[in-house]
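This is the structure, below, for whatever I ask next.
Read-outs: derived from the displayed coordinates by stated rules, not from any lab. Predicted model only: the values in this text are computed from it and were never measured. Neighbour counts run over all protein chains shown; Cβ positions are idealised from the backbone, glycine included.
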Amino acid sequence: MRNGSRVDLASNNGNTRNRDGHEELGDFSTTSRTLPISALAMGIGALCAFVALVLLRLIGLFTNLFYFGRWSTTMVSPIGNHLGVYSVLVPVAGALIIGVMARYGSERIRGHGIPEAIEAILINGSRVEPKVALLKPLSSAISIGSGGPFGAEGPIIMTGGAFGSMIAQLFHLTSAERKTLLVAGAAGGMSATFASPVAAVLLAVELLLFEWKPRSLIPVALASAVAAVVRRYILGFGPLFPVPAHPLFIGPKGLLGCALVGLLAGALSALLTLSVYAAEDAFQKLPVHWMWWPTIGGAAIGLGGLIFPQALGVGYDTIGALLQGSVTTKVILGVLLVKWFIWAVSLGSGTSGGVLAPLLMMGGALGGLEAMFLPNEGAGFWPLISMGAILGGTMRSPFTSIIFAFELTHDTNVFLPLLVGSVIAHAFTVLTLKRSILTEKVARRGYHLSREYAVDPLEILFVREVMRANIVVLPAAGALREFQHSLRADRRQSQRLLPVVNAEGRFVGVLTRGDLLERIEQEGEAALRRTLGELVRQQTVKAFPDEPLRAVVYRMAEKGITRMPVVEPSSGRLLGLISLTDLLKARARHLEEERRREQVLSLRFFLPGDQGKHETATPAAR
């Protein structure tokens, strides 16, 4: 405005700490609210240990009923049954039951559990239907007990998460707090199933929480720890798969072998992922309702089990034998070919079961093949490294895979080999596949998620760095009549929010051109005689110079505004304006850091006699 004062306020851009009630900056945003959530999480962890026990007992019960006709909850393998050719019908019957349960119970029981947990967290406000908590473990136990080539971890993650979500829904909690308790249940279930409390927490962080914050990490870790303690009383101690002692140092040849293992595991991970979704695509083309798809998958399981019985069930005994180095080439090839085929087909058909145990089994078989030509580092060494690498590549969670392999075996000497193998497998699949076996299913349902964690540029830039200081301000003592002509003549003025200050430069309030024109139309001559200080909006949303841009974005979203005056908290002086356009500067800076390449130092700088020439060179010469 011509009659307004345009002043440069940059000189007032100090670094004053917040003293008027807005948040002090800190490393974390966690509050004492974490304490009651942690207490709930520990209770959920204890409960989920018993849920894991029930699931394992159900798997044992259905395996005994389907294959041996006896009532027992002892975990057994389908190998050794006396059904002969009729054993083909067992997986078909189990799959038919699951199809009916999914059709008339809940479609959420289909699949291997983790994508469903991810979807509940990201899309459904961390709400899981209570019936899922009942139907998921039951359907998974029927699936695995009837010979399904799956593990118990996916179902227990979904089931534990369902119990955590149900308990959370009994209290007045936010969606973020419900998410924490859902994940606490999932981590508690996995911790109790595999005696792997640390890997369960890492799995929660890498796959389910989508954040690394104390507000969620602390409750989830405590839930996992409590579940691990309870497990020791009801299921016993680990490790699940004891291994022979391996050397602490394997030398350069051994590490090169680990790199090769990682590369081959990455390739197998990609093929496993593609095969599962190729099978799913094939089932989508069938002219029958999806309720019948698991039955077709069950037929594939039955035929595969007739050829190679070790491919049926969770296969913990086969995994243990691979890690002991006591399997034949026939078993290794059977796992890689038959287990892979029936797992991909049955999982693509939409039946219920987990992926961790099959991945461990197929990774171990790949390691068994590699042990034939790689340096001898002890029995079961290469199967173990390959298992960790397969998990790191297929699930895109390398840290989880490393710690998981350690907690399953308690072999402390394999951390470095596991690191090399898992990270290279992870790198291979990240570069060759857009999505993992877990997130592909979520993407096929029309959603997208990012698995990358980074500091938001809006978190590290402050208001003072992007605000506009050279702005139009209005004097509080000025009468509206003085600005009447400017209001009508300068309609294209880009600055829409007009701060009002008193004689000392202290912020009084804000006005917009619309406010002033509306007053003139409503009150006429009476409005023209009033001062701007009388017309300002008293309740103004303000920003402060030492606030991170994230806080400003949240405030804008909460209040439904796009511009704010920037005020010094101690003195109340107006410093400038900030708008959505200014906030884009943070994104632009981030893009520049990502894309701009430059050579900061030159090798000539370090050469004798060249330093002086470098310093005296003109900018144009440089």
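How high is the FRET efficiency from Phe415 to Ala477, r the C-beta distance, R0 45 Å, rounded to 0.05?
0.05
Over the range 34-234, what is the relative contact order in whole percent, taking alpha-carbon pairs under 8 Å and six or more residues apart?
30 percent
Continuing with the same structure: Subtracting the Cα-Cα distance from 0.36 nm times the residue separation, let me have the gained length for Thr73 to Tyr453 in nm, one decimal. Walk me through the numbers on the way to the answer.
Numbers: separation 380, 0.36 × 380 = 136.80 nm, distance 4.26 nm.
Contour length minus Cα-Cα distance gives 132.5 nm.
In the set (i) 39.1; (ii) 29.7; (iii) 42.2, which value of mean projected area of the Cα convex hull in nm² was calculated from the structure you see?
The value computed from this structure is option (i).
Now for a separate question. In terms of Cα to Cα distance under 17 Å, which aspartates and glutamates are near enough to Lys213, apart from those fewer than 8 places away along the same chain?
In chain and number order, the partners are Asp27, Glu177, Glu452, Asp456, Glu459.
In addition: Please work out the FRET efficiency for the pair Glu129 and Ala427, using the Cβ-Cβ distance as r and a Förster radius of 35 Å; give the result to the nearest 0.05. Spell out each step's value before the answer.
Values: r = 38 Å, r/R0 = 1.10.
Rounded to the nearest 0.05, the efficiency is 0.35.
How much length is gained if the chain between Thr562 and Leu235 is pulled fully straight, taking 0.36 nm per residue apart and subtracting their Cα-Cα distance, in nm to one decimal?
Length gained, Thr562 through Leu235: 112.0 nm.
State which entries of Lys330/Lys434; Lys179/Lys542; Lys136/Lys441; Lys136/Lys339; Lys559/Lys585 exceed 26 angstrom in Cα-Cα distance in the structure shown.
Beyond 26 Å between Cα atoms: Lys330/Lys434; Lys179/Lys542.
Starting with the highest mean, order 551-563, 195-207, 316-328 by the number of other Cβ atoms within 10 Å, averaged over the residues of each peptide.
Top to bottom by mean Cβ count within 10 Å: 195-207, 316-328, 551-563.
Could you size up the charge dipole of the range 54-212 around its Cα centre, putting +1 on the beta carbon of Lys and Arg and -1 on that of Asp and Glu, and report it in debye to the nearest 20?
Value, rounded to 20: 420 debye.
May I ask you to evaluate 6.51 cos²θ - 1.76 cosθ + 1.60, the Karplus curve with θ = phi - 60°, for each residue of the range 133-149 and list the ³J(HN,Hα) values in order in whole Hz, giving x for glycine and proline?
Per-residue couplings from phi come out as 4, 8, 6, 5, x, 5, 5, 5, 5, 5, 4, 6, x, 8, x, x, x Hz.
Projected onto the charge dipole of the chain (+1 at Lys/Arg Cβ, -1 at Asp/Glu Cβ, origin at the Cα centre), which of Gly266, Leu516, Ile79 gives the Cα projection farthest towards the positive end?
Leu516
For Arg537 paired with Ala278, estimate the spin-label separation in nm (one decimal), with each label point 7 Å from Cα along the Cα-to-Cβ line.
Label-label distance for Arg537 and Ala278, simple model: 6.0 nm.
For a protection proxy built on the mean count of beta-carbon atoms within 10 angstrom, sort 576-583, 64-71, 148-155 highest first, please. Don't skip to the answer; put the middle values down first.
Details: 576-583: 20.0, 64-71: 15.4, 148-155: 30.4.
In decreasing order of mean packing, 576-583, 64-71, 148-155 become 148-155, 576-583, 64-71.
Taking the mean number of other Cβ atoms within 10 Å as a proxy for protection, how do you rank 376-388, 30-42 from highest to lowest?
Result, highest mean first: 376-388, 30-42.
Also, quick follow-up: So what is log10(I(q)/I(0)) for the range 34-234 at q = 0.09, 0.11 1/Å, when the Debye sum runs over its Cα atoms only?
Summing over Cα pairs of the range 34-234 leads to -0.33, -0.48.
Hey, rough spin-label estimate for Leu333 and Glu594, points 7 angstrom out along Cα→Cβ, what's it come to in nanometres?
4.8 nm
Take the alpha carbon atoms of the range 508-534, find their center, do the same for the range 409-449, and report the distance between the two centers in whole angstrom.
62 Å
Let's test the formula: R0 of 60 Å, r as the Cβ-Cβ distance of Arg496 and His82. What FRET efficiency results, to the nearest 0.05?
Using R0 = 60 Å, I get an efficiency of 0.10.
Relative contact order of the chain, please, whole-number percent, based on alpha carbon pairs below 8 angstrom and at least 6 residues apart. Before the final figure, lay out each step's value.
Details: 1192 pairs, mean separation 107.9, N = 622.
In percent, rounded to a whole number, it is 17.
Enter the Cα centre distance for the pair the range 237-274 and the range 551-608, rounded to the nearest angstrom.
45 Å
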